[in-house]
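> Below is a structure I'd like to ask you about.
Only the coordinates and a few stated rules stand behind these numbers; no lab work does. Note that the structure is a prediction, hence the values are computed from the model and not measured. Every residue, glycine among them, receives a Cβ derived from its backbone with ideal geometry; neighbour counts consider all protein chains shown.
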Amino acid sequence: MTSRYDDEVRRRVTIHEHKLNKHVTSSNVYEEKTKSVSMINDLMAGGIGGIAGIIVGHPFDSIKVRYQMVSPSNVTALNVQQFTVSSLFRGIGAPITTAALVNASVFMTYGASSRVFDRYVKFDNSNSALLKQVSCGSFTGIVSSFIVCPTELVKVQMQTQINGSETLYRNSFHAARSIVSDHGIHVLYRGFIATCIRQSIGFGVYFASYDRLKCHFKYQLGAKYSLLPSILAGGIAGSFSWAVIYPMDLIKSRIQALSLTTTSKTKLSIWNVAKNTIQQHGWKSLYRGLGITVLRAFPVNGIIFPTYELILSILSRDSR
């Protein structure tokens, strides 16, 4: 037979356990809510940053395409009057939609994977930050390839389409619909391995170099310049990462530009395309177009990161 004292002890223990469980449950709910808010903030800030990058970079891309469309002997025929503000921003709608989606997924994936890394990987040395940036950046690149590969295949097929004097596709949506209808949805992922290699290496280098450059510029410039370190670090990191991955980007584009009907699988390998390119045009051809790409990467990435961080800080402050 139990005493009244024992009954009272059990009652108090039960009340304590109930309060403890309620506190743990509340903490878990709060943690999950915080994670959801963080992912949504990353998604929104990344999308807005991507739009800002396209607005800044689209004029550079328009100039690049115009020079690519004329023969070397006719380059001098292009004059300043042809590069009006409206013409430089022509066709910006589709890139803005794609860039918003890609950058939103990139920053959301990187943010989520960084939080997982911080939770499960414990390091006490300075190399842990570099490992996190490279690992999470590379993972982000692989995830982004599922979106980037189909959109870039459609873009490359449109840019290289030849059918006598007529074009095969009216616009990106018509091209995507026609390609899937004629060849199946799997063909949209032609060049997927090359895209994964490019994206994983590129984002690994991008995020790691950005963080170190930003810390360097913050130390050199002081606290009075809030956005300038992000602008400089983003621009340099973007240009540097493109310089590293450019040969793979060129190989990827050549794979995606091959005929969708007559090209055998053996000709689609990275090794085969790289070997043929070097044999026909020399190893320097792997860097053809690098100059304008690096030049364009600086303002584009110089605006994406500061915009992302600014919007993220605003959203984080409002969600408190």
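> Give me the three principal axis extents of the range 214-254 from the C-alpha atoms, as integers in angstrom, largest value leading.
Between the extreme Cα coordinates on each principal axis of the range 214-254 lie 46, 13, 8 Å.
> Add +1 for every Lys or Arg and -1 for every Asp or Glu among the other residues with Cβ under 9 Å from the Cβ of residue 229, and state the total.
+2
> Right, something else. Counting Lys and Arg as +1 and Asp and Glu as -1, what is the net charge of the other residues whose Cβ lies under 14 Å from the Cβ of residue 282?
My count for the surroundings of residue 282 gives +3.
> All other residues with a Cβ under 12 Å from the Cβ of residue 199 taken together, and with Lys, Arg as +1 and Asp, Glu as -1, what is their net charge?
0
> Students often get this wrong, so check it: of 155/265; 132/284; 252/284; 214/252, which have C-alpha atoms separated by over 24 Å?
132/284; 214/252
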